[in-house]
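Below: the structure, in structure tokens.
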Amino acid sequence: MLVITSDDLVLLSPFGEANAEDVYPAVRESVADIGRWLPWCHRDYAIEESRSWIAECARNWQARSAYQLAIYSATSGMLLGAVGINHLVRANRLANLGYWLRSSHAGRGLTTRAVCLAARYAFEELDLTRLEIVAVPTNTASRRVAEKAGAHLECVARNRIVMHGQAYPAAVYSLIPADLAPRGA
Ligand SMILES: CC(C)(COP(=O)(O)OP(=O)(O)OC[C@H]1O[C@@H](n2cnc3c(N)ncnc32)[C@H](O)[C@@H]1OP(=O)(O)O)[C@@H](O)C(=O)NCCC(=O)NCCS
């Protein structure tokens, strides 16, 4: 496995190198929790969708247009979820940051760790200077992750997210290099 960055609990690796056999059960066990916020995760989700997403992630990584990272447990090697750096605007050195974590491992601070690692990678290796995290205001867990990672709430933007065909306002957070805790802190 190509490890891009890690700490003592999580490893991040390009999602385009993940195995569908690892991704599929992580998504399937999480349909109730993730599907509420991310429409790609639905009750008929099939392993073929894992395969096509992995292939798309590999193409995007190659094209340097999006950097989807699989989150693995550093202790068991299990695939836990993903954190993605996408919607890049190179001219302004900014991108969107999104994430999901399998239900059985939620609530242990693992996504926050992965977000901090991915943000450091984006700032240090991809030369970005701003990441945006966009969450529906009622998505408390997602907002807590943004806050715990050090992101700043900038506004609640009108009609910022379309979910299940309907436009919703969204809380917009920004993360810049100065927000990250010093390495090893
Ligand atoms: C958002 C998500 C990635 C969080 O993963 P996680 O590994 O549980 O995150 P962490 O453990 O790092 O932090 C979660 C925080 O949210 C809190 N939280 C979780 N559910 C909550 C709820 N229903 N109400 C209030 N707080 C909640 C936890 O207590 C924790 O905060 P704390 O450390 O202050 O106690 C996961 O819930 C998920 O995959 N959700 C569905 C997909 C999604 O919404 N992605 C984001 C789209 S913007």
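The values are calculated or read from the model by the stated rules, or taken from the named source; none is laboratory data. Being a predicted model, the structure only gives us computed values, none of them experimental. Every residue, glycine as well, gets a Cβ built from its backbone with ideal geometry; the counts of neighbours run over all protein chains shown.
How many of the residues making up segment 41-74 are of a type in the set (S, T, N, Q), within 14 Å of the ligand (Cβ to nearest atom) and buried (at least 18 other Cβ atoms within 10 Å of the Cβ)? Of the residues in segment 41-74, 1 are of a type in the set (S, T, N, Q), within 14 Å of the ligand (Cβ to nearest atom) and buried (at least 18 other Cβ atoms within 10 Å of the Cβ). Of all the residues in segment 1-23, those that are assigned to a helix (DSSP H, G or I) and closer than 11 Å to LEU80 by Cα number 2.
The single residue among GLY77, GLY107 that is surrounded by fewer than 17 Cβ atoms within 10 Å (Cβ to Cβ), more than 16 Å from the ligand (Cβ to nearest atom) and farther than 24 Å from PRO177 by Cβ turns out to be GLY77. Among residues of segment 137-155 that are modelled with pLDDT of 95 or more and among the basic types (Lys, Arg), those with a Cβ under 8 angstrom from a residue that is part of a loop (DSSP other than H, G, I, E, B) and near the ligand (Cβ under 8 Å from one of its atoms), sequence gap 6+ or separate chain, pair up as LYS148/GLY109.
The C-beta contact set for segment 29-56 (first residue touching a residue at least 60 places away in the same chain (Cβ under 8 Å), second residue exposed (fewer than 14 other Cβ atoms within 10 Å of the Cβ) and part of a loop (DSSP other than H, G, I, E, B), distance under 8 angstrom, 6+ apart or interchain) comprises PRO39/HIS164.
Considering only segment 28-40, I want to know if a residue exists there that is away from the ligand (no atom under 15 Å from the Cβ) and basic (Lys, Arg). No, segment 28-40 contains no residue that is away from the ligand (no atom under 15 Å from the Cβ) and basic (Lys, Arg). When segment 63-122 is filtered for residues that are of a type in the set (S, T, N, Q) and farther than 17 Å from VAL10 by Cβ, the ones remaining, listed by number, are SER65, ASN86, ASN92, ASN96.
For segment 123-137, filtered to residues that are within 17 Å of ALA171 (Cα to Cα) and more than 8 Å from the ligand (Cβ to nearest atom), the residue that is surrounded by the most Cβ atoms within 10 Å (Cβ to Cβ) is LEU131.
The sole residue among ARG113, ARG120, ARG102 that is touching a Leu at 6+ places or on another chain (Cβ under 9 Å), in contact (Cβ under 8 Å) with a residue 24 or more places away in the chain, within 15 Å of PRO182 (Cα to Cα) and buried (at least 19 other Cβ atoms within 10 Å of the Cβ) is ARG113. Working only within segment 19-45, note down all residues that are farther than 22 Å from MET1 by Cβ and either in contact with a helix residue (DSSP H, G or I) (Cβ under 8 Å, 6 or more places away or on another chain) or aromatic (Phe, Trp, Tyr) (or both). Scanning segment 19-45 gives ALA32, ASP33, ILE34, TRP37, TRP40, CYS41, HIS42, ARG43, TYR45.
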